[in-house]
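Here is the structure we will look at.
Laboratory data are not the source of any read-out in this text; all were calculated from the coordinates shown. None of the values given here were measured: they were computed from a predicted structure. All Cβ positions, even for glycine, are placed from backbone atoms using ideal geometry, and neighbour counts span all protein chains on display.
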Amino acid sequence: MLTVSVLVGSAAGIGVFTFIYAEGASYLTDRPQACANCHVMHEQYDGWQRASHRDVATCNDCHAPHDFFGKYATKAINGWNHSLAFTMGGFPEPIRITERNLRVTEAACRHCHAQVVHAIDPLEPGGAGAMSCVRCHRNVGHEH
């Protein structure tokens with residue numbers, strides 16, 4: 001029983017330390033500065049500061065679903081994947097968006113620009129022949 005208590009206590013202690021050290025609470029906000037906590041994202045954050053969307057959108061507006069559950073589920077999945085990759089050193093340079101996050105970003109474009117998108121792309125998002133906002137406007141949120 002003592003061994004289990006020590007293991008659980010150690011895991012909890014390491015988890016709390018890591019959460020505090022990694023500024024974990026900042027990721028629960030919509031503040032773009034949180035995305036730059038990690039040195040890997042500085043280029044993206046700097047690009048966002050120069051981009052046209054800076055005055056109207058935060059990172060979460062484009063990179064998280066617009067519903068409560070979807071937003072925090074995406075943040076949890078990405079947080080886990082990012083912390084694992086950064087701890088183990090398994091992330092590509094330059095950093096690249098995953099297929100799942102590309103779909104989230106495409107949906108965000110279509111959400112905010114629904115009238116324009118509907119006028120030029122009458123097909124269902126993801127359907128055969130549907131256009132991709134992100135393919136043509138890849139650097140809109142992150143000017144280089």
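Assorted remarks:
- Against the chain, whose longest principal axis is taken from its Cα atoms, helix 99-112 shows a tilt of about 50°.
- Estimated [θ] at 222 nm from DSSP helical runs (n ≥ 4, -39500 (n - 2.57)) normalised by residues in the chain, nearest 500: -17000 deg cm²/dmol
- Net charge dipole, the chain: roughly 120 debye, given to the nearest 20, about the Cα centre with Cβ charges of +1 for Lys and Arg and -1 for Asp and Glu.
- The chain, relative contact order [Cα under 8 Å, separation at least 6], %: 28 percent
- Rounded to 0.05, the FRET efficiency of the ILE95 and ALA130 pair, given R0 = 30 Å and the Cβ-Cβ distance, is 0.70.
- Neighbourhood net charge (15 Å Cβ-Cβ; Lys/Arg +1, Asp/Glu -1) for GLN44: 0
- Evaluated with a Cβ-only charge set (Lys, Arg +1; Asp, Glu -1), the stretch 1-72 carries a dipole of roughly 100 debye about its Cα centre, given to the nearest 20.
- Working note: Karplus 6.51/-1.76/1.60 with θ = phi - 60° gives the stretch 52-58 the couplings 5, 7, 3, 7, 10, 8, 9 Hz, where Gly and Pro are set to x.
- TYR72-GLU143 pseudo-label distance in nm [points 7 Å out on the Cα-to-Cβ vector]: 3.5 nm
- For the chain, a Gaussian network of Cα nodes joined below 10 Å ranks GLU106, GLU43, GLU93 by mean-square fluctuation, and the top entry is GLU93.
- Toward the positive end of the charge dipole of the chain, with +1 on the Cβ of Lys and Arg and -1 on the Cβ of Asp and Glu, the farthest Cα among ALA11, GLN44, VAL117 is that of ALA11.
- The calculated FRET efficiency for SER83 paired with ARG31, based on their beta-carbon distance and R0 = 22 Å, is about 0.75.
- A simple packing score, the average count of other Cβ atoms within 10 Å per residue, orders the peptides 78-91, 59-72 as 59-72, 78-91, with the highest score first.
- Answer label, with Kirkwood radius over Cα pairs in Å calculated from the coordinates and candidates (i) 17.2; (ii) 18.0; (iii) 15.3: (i)
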